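Enquirer: Take this structure first; my questions come after.
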Amino acid sequence: MSRDPKYDILFEPLQIGPVTTKNRFYQVPHCNSLGHGRPLAEVENRRIKAEGGWGVVCTQEVEIHPSAEITPSFEGRLWDEKDIPPHRLMTDAVHEFGSLAGIELVYGALHAPNNYSRIAPMSPSATVIHGNYPIQARAMTLRDIHDIREWHVNAAKLARKAGYDIVYVYAGHDMSILQHFLKPHYNRRSDQYGGSLENRVRLTREILTAVKEAVGDQCAVAMRLAVDELRGEDGLRAECEGRDIIGMLAELPDLWDVNVSGWDNDSATARFEPMEGFQEKYTAFVKTLTSKPVVGVGRFTSADAMVSQIKRGVMDLIGAARPSIADPFLPRKIEEGRLEDIRECIGCNICVAQDMIVAPIRCTQNPTQGEEWKRNWHPENIQKAASDDGVLVVGGGPAGMECAMQLGKRGYAVTLAEATKTLGGRVALESQLPGLASYARVRDYRESQIARLPNVQLYLDNRLSAEDILELEIRHILIATGSDWRRDGIGRRHAFSIEGVESVSVLTPDDIFSGTKPQGRVLIYDDDHYYLGGVIAEQCRQDGLDVHLVTPDSKVSSWTENTLEQEKIQSRLLSLGVSLTTSHELLRVSEGSAQIANVYLNEHQQEIPFDTIILVTSRLPADDLYQALLPHQNRFKTLLAIGDCNAPGTIAAAVYDGHLAARNLESEVDFYEPLFRREMPDLG
């Protein structure tokens, strides 16, 4: 197959200063928590993007000096010559496929607590630093400003020596000294670097000029700028300062990389920004002010949307972070006319969450993300079947579908049995809730792939018993029957059943999924702390019900701080009129009434009346079938529980577990032995 001619524009080469990209697909800088701590994994993660057809492949943010380092995070580091070798590995890997390599130089300032160097952070003016670190930043002197210019110049020269084609000057996400200088929020200086916008832009202009001189005609210089902070008059605004900054510096960089700030807005989840190209309304003006090429982002997965952005003059290059994570081969698939094979990003931000918890990147749609070097997994290739044995996968949720699909691609004869009339399991159910429609992409991609595999037989509305499976005499059995939400309230706060819960009618998310409609006053007790409790509260309010959400945590949906959603979730629930009680546990329930207590002061108790109570606490593996087969395991070569049936977790965890089971089927390596490589420091 070959690409549709209407997509030819996406594959046109484009000059960026002294270098030329082979196409318009541009993997913008994004974090992956590999960086300087896991350099071989970092190299392979970026190399795969180049192999997949991205014309430009960039690093994550790269620290340029120990006075602004973000320990414990593992992003990039380019302090001195000793840091060049791993960067050279990365640029060589990207150049292998004719792609350009870009590096985002960053001086984090207020974003860098310096937990390793223990150097006092610096800021345009004395102020607190980001996060809740109990330290503050000192005001920069003119000597400090001179030093920062020199550190950028030195890092640019090191980047050129390491083989980079594009060197970034960074003023975005509220994570860079240059953005901090631009903002009166931080910059209260009265000298030539403060006050008027022209003065606040001065350092950015000086560094852009100095970096261009430092790299000469060997590298392009990109300017990454947040043109709007979505904070109204309290922040930079596209129609005001954003437009003026672009106008002042229009022709200075070789490329403009524009977005919104902070990170929670730039990488907004599909729950809060469901449309592709959602940043266009903030960034579309940039091309009217500069002749230089412009790249922007918007969670683009549709080739038609990409073409539209270019033809309408919104941008010249299609930027992507999360879509390149979900499918590193997205450009190749468009070029080869395989649009149906694209794994579309669902906008869940599990990739972001990994960076927030300082763990290697992962992806719901792409279970090989972050595993490219560690496990030698390729997103498009998998080893051939080890035998002609048949395989039975029971359960058509995310784990079962991924497992059946990958086993089919290996060449096994696979039977996928699903007890209901549709595939998808929990993603099919959860995608019906407010803001989660994109979760259905997990099902849709795998369902379409399975339909094209003649060696995978699908049996819907087929609930198998242990006796049925034994009669089939299939040697490899993988059980992916999911999990059930608990009705007893056991969860993170409660090790035992909540008093009185057996005497009242309790609903769980499973009941909501099955179509049960809560009535009257709804009490939701959320001890899960991810997205589901808040989403169900939102659904109930949309249905016109009075809703009271109680959680023992100090915030609603607290784990979603890692997916950059928590503040948005709590704000939305409050705006919808949901009553919120945090830091309270559910003590006991009786018909129509619940007693809650402050988790810090147990004597502070109160009664909450309800007509419907919904418990969102924890899940139990739906493993009855697996347990029934265990006494007969000697009749099988493989008997394995996978996904939520093995251990309830995220959708990403279920997909990964299904993928792992498919890769490991008939492996000669014991499952509990180390199955992946580790990067060890060289003590020589």
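Enquirer: Hey, can you rank 447-457, 416-426 by average C-beta count inside 10 Å, highest first?
Expert: Output ranking for 447-457, 416-426: 416-426, 447-457.
Enquirer: I'd like to know which of S465, H95, G424 lies farthest towards the positive end of the charge dipole of the chain, counting +1 on Cβ of Lys and Arg and -1 on Cβ of Asp and Glu.
Expert: Going by the charge dipole, the pick is H95.
Enquirer: Could you state the angle between the C-alpha long axis of helix 440-451 and the longest principal axis of the C-alpha atoms of the chain, as a value from 0 to 90 degrees rounded to the nearest 10?
Expert: That works out to roughly 70 degrees.
Enquirer: If you place +1 on the Cβ of every Lys and Arg, -1 on the Cβ of every Asp and Glu, and leave all else neutral, what size is the dipole of the range 485-620 about its Cα centre, to the nearest 20 Debye?
Expert: Charge dipole, the range 485-620, about its Cα centre: 180 debye, nearest 20.
Enquirer: Just from its helices, what would the mean residue ellipticity at 222 nm be for the chain, if runs of 4 or more DSSP H residues each count -39500 (n - 2.57) and the sum is divided by every residue, rounded to the nearest 500 deg cm²/dmol?
Expert: So the calculated ellipticity at 222 nm is -8500 deg cm²/dmol.
Enquirer: If you build the convex hull over the alpha carbons only and average its shadow over all orientations, what do you get for the chain? Give it in nm² to one decimal.
Expert: Orientation-averaged projected area of the Cα hull: 31.7 nm².
Enquirer: Something else: Quick one: order R189, R88 by neighbouring beta-carbon count within 10 Å, fewest to most.
Expert: The most exposed by this proxy come first: R88, R189.
Enquirer: By count of other Cβ within 10 Å, fewest leading, how are K49, K157, K287 ordered?
Expert: Fewest-to-most Cβ neighbours within 10 Å comes out as K157, K287, K49.
Enquirer: Between R143 and Y116, what is 0.36 nm times their sequence separation minus the Cα-Cα distance? Round to one decimal in nm.
Expert: 7.4 nm
Enquirer: Further question: What is the sum of charges around H180, taking Lys and Arg as +1, Asp and Glu as -1, for the other residues whose C-beta is under 14 Å from the C-beta of H180?
Expert: Here the count lands on +2.
Enquirer: What is the angle, in °, between the Cα long axis of helix 566-576 and the longest principal axis of the Cα atoms in the chain? Nearest 10 is fine, range 0 to 90.
Expert: 70 degrees
Enquirer: In addition: Beta carbons within 10 angstrom, averaged per residue: use that to sort the peptides 468-481, 102-115, highest first.
Expert: So the order, starting with the most tightly packed, is 102-115, 468-481.
Enquirer: Would you mind telling me the antiparallel percentage of the DSSP bridges in the chain, rounded to 5?
Expert: 20 percent
Enquirer: Counting alpha carbon pairs within less than 8 Å and at least 6 residues apart, what relative contact order, in whole percent, applies to the chain?
Expert: Here the relative contact order equals 11 percent.
Enquirer: Report, ordered by chain and residue number, the lysines lying within cross-link reach of K287, taken as a straight Cα distance under 28 Å and ignoring same-chain residues fewer than 8 apart.
Expert: K6, K22, K49, K183, K212, K311
Enquirer: Can I ask one more? Go through F300, I474, I536 and say which Cα lies farthest out towards the positive end of the charge dipole of the chain; charges sit on Cβ, +1 for Lys and Arg, -1 for Asp and Glu.
Expert: Toward the positive end, the furthest listed residue is F300.
Enquirer: So what is the relative contact order of the range 485-620, in percent, for Cα pairs below 8 Å that sit 6 or more residues apart?
Expert: The normalised contact order for the range 485-620 reaches 35 percent.
Enquirer: Angle, helix 398-410 long axis vs. longest principal axis of the chain, Cα atoms, 0 to 90°, nearest 10?
Expert: Long axis of 398-410 versus the principal axis of the chain: about 80 degrees.
Enquirer: Would you mind counting up the charge near K82? Only other residues with Cβ under 14 Å from its Cβ, with Lys and Arg at +1 and Asp and Glu at -1.
Expert: Taking every Cβ under 14 Å from that of K82, the sum is -2.
Enquirer: Here's another thing I want to ask about it. Please get the size of the charge dipole for the chain, origin at its Cα centre, with Cβ charges of +1 on Lys and Arg and -1 on Asp and Glu, quoted in debye to the nearest 20.
Expert: About 1380 debye.
Enquirer: Explain nothing, just compute: Karplus ³J(HN,Hα) = 6.51 cos²θ - 1.76 cosθ + 1.60, θ = phi - 60°, for every residue of the range 599-615 in order, whole Hz, x for Gly and Pro.
Expert: Calculated HN-Hα couplings, in order: 6, 9, 10, 4, 6, 7, 10, 8, 9, 10, x, 8, 9, 9, 10, 10, 9 Hz.
Enquirer: Let me ask something additional. For K82, go through the aspartates and glutamates and keep the ones whose alpha-carbon is under 16 Å away, minus same-chain ones fewer than eight residues off.
Expert: Of all the aspartates and glutamates, those that pass the test against K82 - Cα under 16 Å, at least 8 places apart if same chain - are E63, D682.
Enquirer: Net charge around W54, counting only other residues with Cβ within less than 11 Å of its Cβ (Lys, Arg = +1; Asp, Glu = -1)?
Expert: Its environment carries a net charge of +4.
Only the coordinates and a few stated rules stand behind these numbers; no lab work does. Remember, predicted model here, so these are calculated numbers, not experimental data. Reconstructed Cβ throughout: ideal geometry from the backbone, glycine too, with neighbour counts over all protein chains shown.
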